[in-house]
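See structure below.
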Amino acid sequence: MTTLPAVAPPLAPKSRWKRDLTPSAATEWLAAGWRDLLVRPSTSLVYGASVFLISVATVIGLFRFGWDYILFPAFAGFMVVGPILAVGLYEKSRRIELGMPFSLRDMLFVKAASSGQLLFMGVLLCMLMLLWMRTAVIIYALFFGLRPFPGLEHVAAMLFTTGTGWAMLIVGTAIGGLFAAFALAISAFSVPMMLDQRIDALTAMGRSTALVWHNLPVMLTWGAIVVGLFLVGLATSLLGLIIVFPVLGHGTWHAYRAMRD
C-alpha cells in the first residue's frame, strides 16, 4: 500500500521547539508585551512614535504624488514588513529577559546574531510587500479596466454599491489572505530567531513556517489580535500605532520565546 508523504512542515520529534500551544497563549504574549512596554516606557514609545512618523510621511507622499489608489494595499503591506521594523523592540525584550541594560540607541542600532541574514530577510519582505501592492493594482484593473481611481471619498460607494465592487472585494480579500498567511508563516518567528541566534534566513523561514503550522490555533488567534490592534491604529489616524506597535513587537518576542522548549 502506497503512503502519501506528509504535507506538514517537519519538526524533529525531539525538537526543542514546542507544538500545539493553546489559543489562550496569545493573550499571554500580549500581556507580556504590555509589561515590557512599561519597563522604561519612553524607549518603546519613542520607537512607536518613529514608526508613526514614517507612516504619516508615507501617506502624505502617496497623496502628494497622486498614488492614493495604493493607500489601502500599502496599509496591508505595512503588516508584511512589520516584523523587520520591530527588531529594536525584540532587542529590548531580549535584554529585559537577560537582565541586561538597554537604551534607545541599543534598540535603533541592533547587533543581531545573524545581522547579514536579517538584512536579507528585510529585502525579501520588502519585495513581498511590493509584489502585493502590484497585485492589488492588477486586481483593480481586471475588474474596473482603465477607469480612474475615484478618490477616497467615493471609493466606498464604488465598492459596496456595485456588483463589480463586491466581486473585487471578495477576490482581493482571498488573494490578500494568501499573501498575509505566507508572510505570517515565514516571518512570525524567523526575525526574532535571527536576532537571537546564528542561523541563515532560509532555515529560519522554514523553521518559522513549521512552528506556525504545528501551532496553528494559537497563531490564528495571534494573527487576529495583530489585525485587530492594527485596525485600531488606523482608526485613530495612525496615532494608536505609537502604543500598538511596541506592544505587538514586544509580544512577538515573547511568542518566539514561548516556542522554545
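Could you say which residue among Thr209, Thr236 is of a type in the set (Ser, Thr, Tyr) and free of Cβ contacts under 8 Å to residues at least 60 places away in the same chain? Steps first, answer last, please.
On the way: Thr209 fails: free of Cβ contacts under 8 Å to residues at least 60 places away in the same chain.
The match here is Thr236.
Checking Phe143 against (1) in contact (Cβ under 8 Å) with a residue 12 or more places away in the chain; (2) under 30 Å from Gly122 (Cβ atoms), which single condition isn't satisfied?
(2)
Kindly establish whether Leu202 is of a type in the set (A, V, I, L, M), closer than 20 Å to Ser115 by Cβ and surrounded by fewer than 20 Cβ atoms within 10 Å (Cβ to Cβ).
So Leu202 fits the description; yes.
Go through segment 159-193 residue by residue and tally those that are of a type in the set (A, V, I, L, M), touching a residue at least 12 places away in the same chain (Cβ under 8 Å) and part of a helix (DSSP H, G or I).
So the answer is 11.
Is it fair to say Gly165 is within 27 Å of Trp67 (Cβ to Cβ), buried (at least 20 other Cβ atoms within 10 Å of the Cβ) and of a type in the set (Gly, Ala, Ser)?
No, not satisfied.
Name the pairs: first residue in segment 18-41 and loosely packed, with under 15 Cβ neighbours inside 10 Å, second residue not acidic (Asp, Glu), Cβ to Cβ under 7 Å, at least 6 apart or on different chains?
What qualifies is Arg19/Leu11; Arg19/His214; Arg19/Asn215; Asp20/His214; Asp20/Asn215; Thr22/Val218; Trp34/Val247; Val39/Ile96.
May I ask you to verify whether Leu178 is surrounded by fewer than 18 Cβ atoms within 10 Å (Cβ to Cβ), of a type outside the set (Asp, Glu) and under 30 Å from Val46 (Cβ atoms)?
Criteria not met by Leu178.
Anything in segment 211-261 that is surrounded by 23 or more Cβ atoms within 10 Å (Cβ to Cβ) and among the small types (Gly, Ala, Ser)? List them, or say none.
Within segment 211-261, Gly233, Gly249, Gly251, Ala255 qualify.
Rundown of residues vs (1) within 29 Å of Ser42 (Cβ to Cβ); (2) part of a loop (DSSP other than H, G, I, E, B), yes/no style:
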| site | (1), (2) |
| --- | --- |
| Ile84 | yes, no |
| Pro101 | yes, yes |
| Asp106 | yes, no |
| Phe120 | no, no |
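Can you pull out every residue in segment 132-157 that is part of a helix (DSSP H, G or I) and more than 25 Å from Ala180 (Cα to Cα)?
Answer for segment 132-157, where residues must be part of a helix (DSSP H, G or I) and more than 25 Å from Ala180 (Cα to Cα): Glu153, His154, Ala157.
Does Val39 satisfy being modelled with pLDDT of 90 or more, in a loop (DSSP other than H, G, I, E, B), out of contact with any strand residue (DSSP E or B) (no Cβ under 9 Å at 6 or more places or on another chain) and farther than 30 Å from Thr135 by Cα?
Yes.
Looking at segment 104-133, which of the residues that are modelled with pLDDT of 90 or more and of a type in the set (D, E, K, R) is surrounded by the most Cβ atoms within 10 Å (Cβ to Cβ)?
Among those residues, the one meeting the criterion is Asp106.
May I ask you to verify whether Arg94 is at pLDDT 90 or above, surrounded by 14 or more Cβ atoms within 10 Å (Cβ to Cβ), over 13 Å from Phe245 (Cβ atoms) and under 21 Å from the mean Cα position of the chain (by Cα)?
On the way: at pLDDT 90 or above: yes; surrounded by 14 or more Cβ atoms within 10 Å (Cβ to Cβ): yes; over 13 Å from Phe245 (Cβ atoms): yes; under 21 Å from the mean Cα position of the chain (by Cα): yes.
For Arg94, the condition - at pLDDT 90 or above, surrounded by 14 or more Cβ atoms within 10 Å (Cβ to Cβ), over 13 Å from Phe245 (Cβ atoms) and under 21 Å from the mean Cα position of the chain (by Cα) - is met.
The values are calculated or read from the model by the stated rules, or taken from the named source; none is laboratory data. These figures come from a predicted structure and were not determined experimentally. Cβ atoms come from the backbone with ideal geometry, glycine included; neighbour counts cover every protein chain shown.
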